[in-house]
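Have a look at the structure below, then the notes.
The values are calculated or read from the model by the stated rules, or taken from the named source; none is laboratory data. Predicted model, so just to flag it, every value in this text is computed and none were measured. Ideal geometry is used to build each Cβ from the backbone, glycine not excepted, and the neighbour counts take in all protein chains shown. These area figures cover heavy atoms from the full protein model, side chains too; ligands, DNA and RNA do not enter into them. Shrake-Rupley method; radii C 1.70, N 1.55, O 1.52, S 1.80 Å.
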Amino acid sequence: LYTLKKALPELAGRPIYVTIDIDVLDPAHAPGTGTVDCGGITAKELLASIHAISHAKLNVVGCDLVEVAPIYDPSEQTANTASKLIREMILGWVQNRK
């Protein structure tokens, strides 16, 4: 998050596209992905990154969240986390475009 916050001012005024791969999260937070790898960040840390981008008031022109594989997660934790992340992306980034 520190590195992201440091880089955000350099992106001011530029159109940016943000892509998030769900497997950046530790499997404890998102087990439903094709490439599970221990040692990822927490869902809370990823939400903080999304909020940091929102507060920087950047010109986010598009975004996506990839690699969600519900078939690998019968608990639906990954899908629920993904929907929360997308909600925060839309609320934070689209509303800043007004």
Out of the residues in segment 1-13 that are touching a residue at least 24 places away in the same chain (Cβ under 8 Å) and out of contact with any Leu (no Cβ under 8 Å at 6 or more places or on another chain), state the one that is nearest to Ala79 (Cα to Cα). Leu1
With the requirement that a residue be crowded, with 18+ Cβ neighbours inside 10 Å and among the aliphatic types (A, V, I, L, M), what does segment 15-34 give you? Ile20, Ile22, Leu25, Ala30
Can you give me the number of residues within segment 70-98 that are over 16 Å from the mean Cα position of the chain (by Cα) and either assigned to a helix (DSSP H, G or I) or over 22 Å from Lys5 (Cβ atoms) (or both)? 9
Restricting to segment 80-90, and then to whatever is in contact (Cβ under 8 Å) with a residue 24 or more places away in the chain and of a type outside the set (S, T, N, Q), can you tell me which residue is most open to solvent (accessible area, probe 1.4 Å)? Lys84
Scanning segment 6-28 for residues that are over 21 Å from Thr42 (Cα atoms) and in a strand (DSSP E or B) gives Pro15, Ile16, Tyr17
Select from segment 35-79 the residues that are of a type in the set (Ser, Thr, Tyr) and in contact (Cβ under 8 Å) with a residue 24 or more places away in the chain and write down the one among them that is most open to solvent (accessible area, probe 1.4 Å). Tyr72
Within segment 68-98, tally of residues that are closer than 29 Å to Ala12 by Cβ and of a type in the set (Asp, Glu): 1
